[in-house]
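The next block holds one structure in the form of structure tokens; read it before the comments.
Read-outs: derived from the displayed coordinates by stated rules, not from any lab. Note that the structure is a prediction, hence the values are computed from the model and not measured. For neighbour counting, all protein chains shown are included, and Cβ atoms are generated from backbone atoms with ideal geometry for every residue, glycine included.
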Amino acid sequence: MMKNIMLKMKNHVEYTLRQDMRDMEILKASYTTQTFSRHWHENFGIGIIENGVEAFDYNKEKCYAPKSSIVLMNPGIIHTGQAVNQEKGWRYWIMYPSPIILQEVMKQINKRYFSMPYFPKAVVSDIYCEKSLYGMFQLLLDKSSSLLECQTSFFTTMIKVLKHHAKFSYEEKKINWNYKVADDIREYIDNNYNKNISLDELSIFSNMSKFNLIRVFEKRWGVPPHIYQIVVRIQKSKDLLIKGYPIVSTALKMGFADQSHFTRHFKRVVGITPYKYQTQLINSNVT
């Protein structure tokens, strides 16, 4: 019992919102017992492992990020997260820049780049970029740093990371009819995420059996429809929490049965409770 209490105490999370950098979130955290359920981010995820080893499923592959490695996640890719060793856990810094920001950086490299950059590897080892990222994170989280100093560090560091580890066009894939149906179902959920959608409703909409639509959707997006809906609700709720909406009102507006239901799912995806997330980001907001 004492061992479990000690492990839980080692979970420490600090969120910061850089409103002056297109509302970019920055996370500095230490985890031992935290296990992230399958989810994704609307933005890129770029971070460094300061200590320990993180294990995560990413794009249907098992990945391990050891100390001093760089984590590079593309928007919309399903992933998880947990410690390889709970007694040691892992400590990292990670930020979530929007695709628009990275496109702006790309234009600094070459004005002819119009496609979205993407990272082919989720974990890389690069001492040169890792040191730059570490210095950049320290500046971004230091409230005494000037905006010019922060933006300069961000752009120069991102240019290094993109030049060394990004590609700039996805390989074209043959159109798969089942994927088209899965895309349509995803759009339907996006438009009705806060409603109590039934499997019967999706079956009628897609003209597929319940079994087949679940199988096709999960093959395409990495999670079944109900998990996708939950994650969409969590992603949408973050905007309301940052604006100061009451947690109970946010939970009901997103379609959750109650605050406890909302809090349980939020913590599994984000790593902290809605209250802590809201408090930290409102208090740390850099304008």
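Straight-distance candidates among the aspartates and glutamates for linking to LYS160, with alpha-carbon spacing under 15 Å and chain neighbours fewer than 8 residues away dropped: GLU104, ASP126, GLU130. Annotation for the stretch 241-266 versus the stretch 204-225: alpha-carbon center distance of 27 Å. For the chain, the 222 nm mean residue ellipticity estimated from helices alone, with every DSSP H stretch of n ≥ 4 adding -39500 (n - 2.57) and the total spread over all residues, rounds to -15000 deg cm²/dmol. Report the FRET efficiency, 1/(1 + (r/R0)^6), for ASP20 and LYS276, where r is their Cβ-Cβ distance and R0 is 25 Å, rounded to 0.05. The calculated FRET efficiency here is 0.65.
Filter the DSSP H helices in the chain by two things, a Kyte-Doolittle mean of at least 0.5 and an axial alpha-carbon span of 18 angstrom or more, and list the hits by number. Counting only whole DSSP H runs, the qualifying helices are 127-140. Within the chain, the proportion of C-alpha pairs whose separation exceeds 30 Å stands at 35%.
Between ASN85 and TYR188, the simple spin-label model (points 7 angstrom out along Cα→Cβ) gives 4.8 nm. Taking 0.36 nm per residue of separation and subtracting the Cα-Cα distance, full extension of the segment from ASN51 to GLN151 would add 33.4 nm.
Fully extending the segment from SER198 to ASN178 would add 5.2 nm, taking 0.36 nm per residue of separation and subtracting the current Cα-Cα distance. The separation of the stretch 127-154 from the stretch 33-49, counted between C-alpha centres, amounts to 21 Å.
Determine the alpha carbon to alpha carbon distance for each of LYS253/LYS276; LYS28/LYS121; LYS10/LYS121; LYS195/LYS219; LYS88/LYS243 and list only those over 26 Å. Check vs 26 Å cut-off fails for LYS10/LYS121; LYS88/LYS243.
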